[in-house]
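Throughout, read-outs are computed from the coordinates displayed, never taken from laboratory work. Since the structure is predicted, the reported quantities are computational estimates derived from the model, not experimental observations. Ideal geometry is used to build each Cβ from the backbone, glycine not excepted, and the neighbour counts take in all protein chains shown.
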Amino acid sequence: MRSVTLILLAAFALGTLPGCKRIQDKLRRLAEQSGVTPKPLPPKPAEPVLTPEEQAIEKKLQESALLAAAAPEPEVPKAPAFELNKSAVVSILGYHDFRERGGSPMLIAATKFRDQMQAIKDSKIPVISLSDVMAWKKGEKNIPEEAIVITMDDGWEGVYTFAYPVLRDFGFPFTVYLYKKYVNIGGRSMSWTQIKEMMQNGCEIGSHSVSHESLKKRPKGAKTDADFQAWVLGELKDSREFLEQNLSIKCPSFAYPFGIFDDATMETALQIGYESLVTVNGQKVTWDTPNGKLGRYIVHGDNDTNFKLATSFRGRGDVGSNKFLVADAKNDQGEQLIQLTPKPDAVITSRMPLIEADLKKIGTIVPESIKMRIAGLGNVPAAYDPATMIVRFQFPYKLRREECAISLSFQRAAAQPAEVVSWRFKIDLAAAYLPAP
């Protein structure tokens, strides 16, 4: 009888489980027939009464939860997608040796070289490294719309003595192409110490072969085609390994000796890991220029033809034919010569800015001489108001780049050279995408 009682009590306790009502009813009737009365379950303990302070806290928590559930997620503006500037143009200058006094095709006078670098500095055309150019061609970064690269071949000590101080003073990066047989051998060759010092101040190193012989001319020891191919491979590979081991660097660029090469040589060089191969062909580098055929303008010491061609971009004229004005130039009274809008180096939020240049302080202007160039657009149809002497251009679409570079040229008189003022401003794209307050 005791066991029956325990079973019945347990059954009534389990009767609280869902789905057990029918079993519970049957067990209740069985218990009544057996005379067993189950004890009621103990009452559920009552919740303690909240104090006034606790009630206030509870109310705030409930209101916060409701607000959090009802409030929409804040819209975070997406960063604009990276847009590669494929319209940029690069001019690579090629030099050889430098002396205090020059005058031969491959020999530049130190004073002339400084004058050329000063002209580039005054022109505001940026000088960038060759590695920057290759990063751009890989799609990794943008470069200015117009840029100059400076290179020097062979490893003459004149580079260290005369050119390097000028480049260091101006803060210009440069590349020196060395060939194995003319490094650290005394005479007029540069030493490892001099090369390493330059590398600490903007110099990149490229390979210029082992012997500086034409890579299309078979040497005497190469009797068969296989011998010749092995010799070419050695000129390309051994020179690079020599420089990498002695300077603890990667050497990704090669300059063809005398600029002589063929497609087979180019393909071999690219296959063994060179990223860029430079020629002596006077052509500017664009985004789609083959990496194995990067043109260079070899600057001569006895004439300025190639320097002028190299530093002339899209009909603007070479850096020697224009007078360059700094954006904050002042007249004799100390007044701002040209009022520019947006101001140089300003950060704006409008993606369709109005470009203005107030030329009243200039004096006379030849209206037909006014030309405005904008990076990525080239020459634009800027309007000139003779009454106010203000040049204006309204962007017809929204800018997607973070920086805008502008160049404005004009003549004060028909017989005078053009004057050029260049400036840049930035667009805060993140702010531009935010809704207006």
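Using the number of other C-beta atoms within 10 angstrom as an exposure proxy, rank 307, 425 with the fewest first. Before the final figure, lay out the partial values.
Numbers: 307 23, 425 19.
By the 10 Å Cβ count, ascending, the order reads 425, 307.
Extension gain residue 400-residue 387, at 0.36 nm per residue separation less the Cα-Cα distance, in nm?
Working: separation 13, 0.36 × 13 = 4.68 nm, distance 3.37 nm.
My answer for the length gained is 1.3 nm.
At a 10 angstrom cut-off on C-beta neighbours, averaged per residue, how do the peptides 259-270, 198-209, 224-235, 330-341 rank from highest to lowest? Numbers along the way, then the final one.
Numbers: 259-270: 16.6, 198-209: 20.2, 224-235: 14.9, 330-341: 12.8.
Result, highest mean first: 198-209, 259-270, 224-235, 330-341.
Excluding same-chain residues fewer than 8 positions from residue 138, which lysines have a Cα within less than 22 Å of its Cα?
86, 250, 284, 293
Consider a paramagnetic label point 7 Å from the Cα of residue 323 along Cα→Cβ; state which residues of the range 354-371 have an amide N under 19 Å from it.
The answer is 358-371, whose backbone nitrogens lie closer than 19 Å to the label point.
Could you calculate the contour length gain from residue 161 to residue 431, that is, 0.36 nm times the residue separation minus the distance between their Cα atoms, to one decimal place in nm?
On the way: separation 270, 0.36 × 270 = 97.20 nm, distance 4.91 nm.
In short, 92.3 nm is gained.
About its Cα centre, how strong a charge dipole does the range 89-321 have in debye, to the nearest 20, once Lys and Arg get +1 and Asp and Glu get -1 at the Cβ? Spell out each step's value before the answer.
Values: 28 positive and 29 negative charges, 37 e Å.
Computed charge dipole of the range 89-321: roughly 180 debye.
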